[in-house]
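Notes to accompany the following structure.
The values are calculated or read from the model by the stated rules, or taken from the named source; none is laboratory data. Remember, predicted model here, so these are calculated numbers, not experimental data. We place every Cβ from the backbone using ideal geometry, glycine too, and count neighbours over all the protein chains shown. Side chains included, ligands, DNA and RNA excluded: accessible areas come from the protein's heavy atoms. Shrake-Rupley method; radii C 1.70, N 1.55, O 1.52, S 1.80 Å.
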Amino acid sequence: MITASPAIEPVARGHVRRTVSVLRQRVPFTSTVVLAMLLLAVLTGALWSAAADRVVYPFVAYGAPSFDAGRWWTMLTGPFFAVIPWYYLPMVGSFALCVGFAEWQMGTRRAMAVTIGGQIVSVLVATEFLALCRDSGWLWAERLAGSLDVGFSGGALAAVAVASATLRPPWRLRLRAGLWVYAGVAIVYVGTLADLVHFFALLLAIPVGGWLVGARRARETARPNVREWRLLTVAGLLLLTIAEVVMYFVPVAGPFGSADGVSLSGLELVVLVLLVVPMLNGLRKGSRVAWRWAVALSAFVALQGVVLVTLIGLTNVLGSEYDTVGLPLYFMDSLLWMVELGALLVVRHAFRVPSRRRLRRRTEEPGQALARTLLGQHGGSTLSWMTTWPANRYFVSEDGGSYLAYRRHAGVAVALGDPIAPDGTAAATITEFTTMCENSGLVPCVFSATEATVAATRELGWQHVQVAEDNVLDLADLEFRGKAWQDVRTALNKAAKQNIEFRLVRLADQPESILAQVRALSEEWMSGKGMPEMGFTLGGLDEAMDPATRVGVAVDAEGTVHGVTSWLPVHTGAGKVSGWTLDVMRRSAHGFRPVMEFLIASACLAFREEGARFVSLSGAPLARSRECGPGHVLERALESLGKLMEPYYGFRSLHAFKAKFQPRRVPLYLAFRDEADLPRIGLALSRAYLPDLRLRELTKLARKMSKGPAVSGQSRMRTVLAGQPLPTTAH
């Protein structure tokens, strides 16, 4: 039996107290109302005995009968009770979620005013609507006008509807679409008093949401983009499908009559769901095929309804009798399908993604030759040479003057680094890239982008999170003096005493004796890892063989290679190479111990002699300086992931090793449209770094990491400093 440590219990209690304290400070109104609901439920016994069965129920519940009897105080008492005990769970939970969110977004005073005001107004409007309709012969209105209800749901929905105005697109539309799907299905196909209150709460709150939260807090209202048009059609089709499910399982007599004789059979419902589910996913991605199927389905159902209603009308005109009890609901259902059909036709421009077969038939993107030409003309970042590696695909702008290299995995186009573009055109290139992705059913993102690209994506409404740090050394004033450079000076002096020579060469031009030793070092490093070799922003010997790549080797008097590094050119425009980026690092486990310090320092001096202005020691994934600790929730998640992966790949140990060269830190970011894309982006990045790893193997790897490391991060650091092989550098 596993028992908790006694030391853990005070920590847990302290954590709970801090959480309660934060809730009291940030959402005092929500906390107070939830506590009052639960306290009254216990004191009155409503938590275990249905309030609707109590004699006092008419004196606490709101509705037309209570208002006709002059019991206006029920507007204040009704919100704190539930009709039956198990209703307390959804009532209290939804209130805490909706009003808590609104209070967090808008502040306590505004959230309290909107919630209380929304509850009172929605109940009064619903009651007045029923009072006007109950003598009209409308059976549903007559029945509902005599009913009572309790609960704070009208105010809660009004609060979250108003608070949605504080969200940025597309989250605002997503939240509102979800609210309308719920309210639409409930009012048309169920139609209780609570559903009517909810409908009016949303109908009144959403249009004034921007005004109520204040002009400064509300986001600018713009015409929906392609993604939002797709979302609207998905919401409509989802509403209609849920409605069919509700009519089958809950055949309640709503505003338009009973669902008996109107709802689908069990087999028809199963067929509908099986057809709609892939359609929803396809419409979300902008698939032309899914759009055609959705148009066909909507047209079929709508036309079927029109034909049936017409035939019934003609039959009645000709004098024959026909049961028309379910006709209004059938007509309304067909009308909604016609609205969905119209929406699909109006926004057909949002569904241009061809089928996979047609995507395969498309011509391949321009290759390395164009990328290297444009990179030489415009220049790029310290990562930009990686965009010329063979595994990349290329998006070239319409004018042919700029490009983005990307990898395609899991339905995501992961662009690598900054756009290679003339000054001032990066934002336009990213915009075109985003359009291409939307027209291809891909999720766009930019990985390892600099501040300049982040600024360009921010103008498009994108988000960003720091994923690494580049380590840049300015060569002009580089001097290995002072206590901080002691390890580097020691490495240079020891190498001179042991007759270890530094050679800056092109690996492809080296004799077979050198190449064989370099391959052996790489194989030795790989065999000692026990984990898959990573790619994407981590090169290997194949990339080091490129004639444009420079390679530093440490060779002793007997011709033995003790270590090797590769350096990628950094183009700065007009055909100039003004810097070099460290890529491959390999060393012998039994050779010259400080060989990496020797190789890096020697390369810096050699590049400075050639006129280079800087070198980049590159970065390491999920590793950065301690002084810029994580602030964003996603950054904290990445921080935890970095700790989890440290014993296996040693990214942080590598980052700490490079710190001895006193580099200038340059943050690198992941730019993405919104948080909903992050799960898919995470999977795509995993496949990009581990392209040969299958999904089953990736799952096993994640499980292995979750069970705990074999060695600690500190042990890994001691191993690195003791002279064991360093991992390949990466951004």
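The table below gives the values:
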item	result
Gain upon complete extension [E512, L124; 0.36 nm per residue less C-alpha separation]	130.8 nm
Kirkwood hydrodynamic radius over Cα pairs of the stretch 251-292, then Stokes diffusion coefficient at 25 °C and 0.890 mPa s, in µm²/s	201
Cα pair distances exceeding 19 angstrom across the stretch 378-451, given as percent	25
Relative frequency of Cα-Cα separations exceeding 17 Å in the stretch 118-174, percent	53
Extension reserve of the Q486-D474 stretch, reckoned as 0.36 nm per residue once the Cα distance is removed	2.4 nm
Exposure rank, largest accessible area first [V561, V226; 1.4 Å]	V226, V561
Using θ = phi - 60° and Karplus 6.51 cos²θ - 1.76 cosθ + 1.60, couplings along the stretch 274-286 (whole Hz; Gly, Pro as x)	5, 6, 6, 4, x, 4, 4, 5, x, 4, 4, 8, x
P(r), alpha carbons of the stretch 348-500 - 5 Å bins starting at zero, rounded %	1, 8, 15, 18, 16, 11, 8, 6, 6, 5, 3, 2, 1, 0, 0
Alpha-carbon Rg/Rh ratio, for the stretch 534-617, with Rh computed the Kirkwood way	0.99
Reference-scaled alpha-carbon Rg (2.2 N^0.38 Å with N residues) for the stretch 103-232	1.14
The stretch 444-547, accessible surface, carbon-and-sulfur percent (1.4 angstrom probe)	47
Distant alpha-carbon pairs in the stretch 23-167 (separation over 26 angstrom), percent	28
Distance (nanometres) between label positions extended 7 Å along Cα→Cβ at T192 and A36	2.3
Gained length - R408 relative to L43, 0.36 nm times residue gap less alpha-carbon distance	125.4 nm
Loop-located GluC sites (Glu not before Pro) in the stretch 384-487, at most 14 other Cβ atoms within 10 Å (DSSP)	E398, E459, E479
Estimated FRET transfer efficiency when R0 is 60 angstrom, pair V339-A659 (beta carbons, to 0.05)	0.45
Alpha-carbon radius of gyration plus Dmax, which is the widest Cα pair, for the stretch 458-567 in Å	18.2, 60
